[in-house]
Structure formats: structure tokens, C-alpha cells
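S.K.: Here it is, the structure in full.
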Amino acid sequence: MKLAFSTLGVPGLPLPDVLRLASAHGYHGVELRTHPEEPVHLGLGPGERADVAAEFKAAGIEPVGLAGYARVAAPGDDGPVIEEVRRLVDLAHDLGAPFVRVFPGADHEQSRQSADAIAARRLGTAAEYAADMGVRILLETHDSHRAAADAIRVLGLVGHRHVGSLWDVMHTWLAGEQPTESYAGLSPYLGYVQVKDIASADDTTPLALGAGVLPLSDCVEVLSRHGWDGWLCWEYEKRWYADAAPLPELLDGGREHLSRLLNESA
């Protein structure tokens, strides 16, 4: 498995600095939080996109994916949501990133069946465009569909190889799933895995990997046992927790912890 971290952990940091951190601390890739607050966003022009792609290539670091904010199960018209996903796919294609992350984002007033159908319809429409661009759209286990059992209801309806899953191990744990259950559901669709650690279900302030309660060893073990060889991406949610320790000072320890788990599970 290859190791990456998300720019959610270093909010607003210029891309050259992000890439230097990855190189210096032994990470192979970077997930780009794709938001107007960040250096990489949907408003970049063709020249800027070419510059970003060149910076990644020069640094020898891979762009794992774009962490977008489209909410594919949210109520409302399909058009704006599909257009946002297509714009993310365009940007991923231009940067050489294989994946785009989307959220479910259903609200409490929607029935489960309605939310699933809306998400599947939008993802199915966007999938054809993504296929033409060589990009895969990943539905994250998050918010209204935080369990693997929730996500696969949608993914089964879509039935397209350019729509898959992004396994956020915190959300499946908060939903009450064991890693073996989550992997069994998501494995036919799995794009990559977001790892993190927290103090408890009631306190999701980000911690150094291994310092909290999330079953990271069990997650790595089940992935290794099944021969999965994709990305483990550390999503450290510094943007939402200003008092959390700075990510750069934790990167070495995080890499060492994941490497130890990988060696133990081999």
C-alpha cells in the first residue's frame, strides 16, 4: 500500500510547501482538498492546472484524488450537482488525479429510498462523463451514508465501474461497523482508504495516528489479508479543529505507525 495525506491537515498551505512536506516525510501522494480556500480549486485556469501537474511530476509525488464537496443525494435539482461533479472530473483529469471524492449529503427530511435514488441517478449520469475522462468518482462513507451498508445501496444501483467508494474508517466505525464488515461491503467498489484517529465517538478532534480509539490495525489487517494494494490517505482534520496539533510535526510518526501496521499484517 502507498501512503498519502490530505491537505485538509495543512489548510491554505501553498502547493510547493505541501509537496516538500510529502517528500521530506516519506509520503508517496497527496489528496487535494478542492475548495476556494485552497490553492487548488475549481477556478484554476488551463495554465494554472498545467503548473500544478508539473509541480507534482517534478516532486515525484502523486495526486491521489480531489476531495470535492458535491453532495449527490441532497434535495434539489440534479443539474447543478452533476455540473459540479463534472467540473471536479475535469480538474482531476487536467491534474492527472485518478479519483474525485463526493459526499452523499442527504437531509433528514428525505426518505432513505429517495436519497439513494437521487444519488444513484446523478452518479450514473456523471459516470459516463468520468469514464470518457479516465477519472473515477468515489462516494465517501460520510454524513447520511456513513456506513458501508449505506454506501453500497447507492453503488449497487449505479452499477458503473467509474463510480466507486472512498472508505473513511472513522465514519464506518461511528456507524457501528467492524472493519471486516466495512471491507466486505466496499471491496468491490473500493478506490482508496482515508485513515485518521480520534479520542472517542464524542470527541472527534484529530489525533496522531495510533493515539486514539479507531481500529486502524484491524483496517490494515483486513486490507492486507485480501491483497489490497491501494492508497492509505491520512485525513487529519486540522481545518475544522484549530487547536489540534500541527500536522507537519506528526507526519513522521504517522508514516512510522502505518508502516509498522503494514509490516505486522504482512
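S.K.: I'd like the full set of residues that are in a strand (DSSP E or B) and small (Gly, Ala, Ser), limited to the range 20-36.
M.R.: Matches in the range 20-36: Gly29 only.
S.K.: May I pose another question? Among the residues of the range 229-251, is any more than 29 Å from Leu19 (Cβ to Cβ) and in contact (Cβ under 8 Å) with a residue 60 or more places away in the chain?
M.R.: The first filter runs over the range 229-251 and keeps only residues more than 29 Å from Leu19 (Cβ to Cβ), leaving none.
No, that holds for no residue.
S.K.: A follow-up question, please. Within the range 173-185, can one find any residue that is over 17 Å from Gly9 (Cβ atoms), surrounded by 15 or more Cβ atoms within 10 Å (Cβ to Cβ) and touching a Ser or Thr at 6+ places or on another chain (Cβ under 6 Å)?
M.R.: Scanning the range 173-185, I find at least one residue that is over 17 Å from Gly9 (Cβ atoms), surrounded by 15 or more Cβ atoms within 10 Å (Cβ to Cβ) and touching a Ser or Thr at 6+ places or on another chain (Cβ under 6 Å), so the answer is yes.
S.K.: Restricted to the range 37-56, and to residues that are in a helix (DSSP H, G or I) and without any contact (Cβ under 8 Å) to a residue 12 or more places away in the chain, which residue is farthest from Arg87 (Cα to Cα)? Working first, answer last.
M.R.: Initially, the range 37-56 is screened for residues in a helix (DSSP H, G or I), giving 46-56.
Applying the additional criterion that residues be without any contact (Cβ under 8 Å) to a residue 12 or more places away in the chain yields 47-48, 51, 54.
Values: Gly47: 16, Glu48: 15, Asp51: 18, Ala54: 20 Å.
Looking at residues that are in a helix (DSSP H, G or I) and without any contact (Cβ under 8 Å) to a residue 12 or more places away in the chain, I get Ala54.
S.K.: In this structure, is Glu221 surrounded by 16 or more Cβ atoms within 10 Å (Cβ to Cβ), more than 25 Å from Gly124 (Cα to Cα), in contact with a Lys or Arg (Cβ under 7 Å, 6 or more places away or on another chain) and not hydrophobic (A, V, I, L, M, F, W, C)?
M.R.: On the way: surrounded by 16 or more Cβ atoms within 10 Å (Cβ to Cβ): yes; more than 25 Å from Gly124 (Cα to Cα): yes; in contact with a Lys or Arg (Cβ under 7 Å, 6 or more places away or on another chain): no; not hydrophobic (A, V, I, L, M, F, W, C): yes.
So Glu221 fails the test.
Matching residues to (1) in contact (Cβ under 8 Å) with a residue 60 or more places away in the chain; (2) of a type in the set (A, V, I, L, M); (3) open to solvent by 50 Å² or more (accessible area, probe 1.4 Å):
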site	(1), (2), (3)
Gly76	no, no, yes
His93	no, no, yes
Pro104	no, no, no
Ala126	no, yes, no
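S.K.: Restricting to the range 186-216, and then to whatever is farther than 15 Å from Arg146 by Cα and small (Gly, Ala, Ser), can you tell me which residue is least open to solvent (accessible area, probe 1.4 Å)?
M.R.: Among those that are farther than 15 Å from Arg146 by Cα and small (Gly, Ala, Ser), it is Gly191.
S.K.: Among the listed residues Glu109, Glu83, Glu140, identify the single one that is open to solvent by 10 Å² or more (accessible area, probe 1.4 Å) and in contact (Cβ under 8 Å) with a residue 12 or more places away in the chain. Give the derivation first.
M.R.: Numbers: Glu83 fails: in contact (Cβ under 8 Å) with a residue 12 or more places away in the chain; Glu140 fails: open to solvent by 10 Å² or more (accessible area, probe 1.4 Å).
So the residue among Glu109, Glu83, Glu140 that is open to solvent by 10 Å² or more (accessible area, probe 1.4 Å) and in contact (Cβ under 8 Å) with a residue 12 or more places away in the chain is Glu109.
S.K.: Moving to a separate point now. Does the range 231-240 hold any residues that are open to solvent by less than 60 Å² (accessible area, probe 1.4 Å) and over 15 Å from Val169 (Cα atoms), and which are they? Outline the logic, then answer.
M.R.: Taking the range 231-240 first, the residues open to solvent by less than 60 Å² (accessible area, probe 1.4 Å) are 231-238.
The answer is Lys238, and nothing else.
S.K.: Output the residues belonging to the range 161-193 that are in a helix (DSSP H, G or I) and either of a type in the set (Ser, Thr, Tyr) or under 20 Å from Gly210 (Cα atoms) (or both). So that I can check it myself, show each step before the final result.
M.R.: Going residue by residue through the range 161-193, those that are in a helix (DSSP H, G or I) are 169-174, 179-186.
Within the range 161-193, Val169, Met170, His171, Thr172, Trp173, Leu174, Pro179, Thr180, Ser182, Tyr183 qualify.
The values are calculated or read from the model by the stated rules, or taken from the named source; none is laboratory data. Because the structure is predicted, anything quoted here is derived from the model rather than measured. Ideal geometry is used to build each Cβ from the backbone, glycine not excepted, and the neighbour counts take in all protein chains shown. Note: accessible area is taken over every heavy atom of the protein model, side chains too, but ligands, DNA and RNA are not part of it. Shrake-Rupley method; radii C 1.70, N 1.55, O 1.52, S 1.80 Å.
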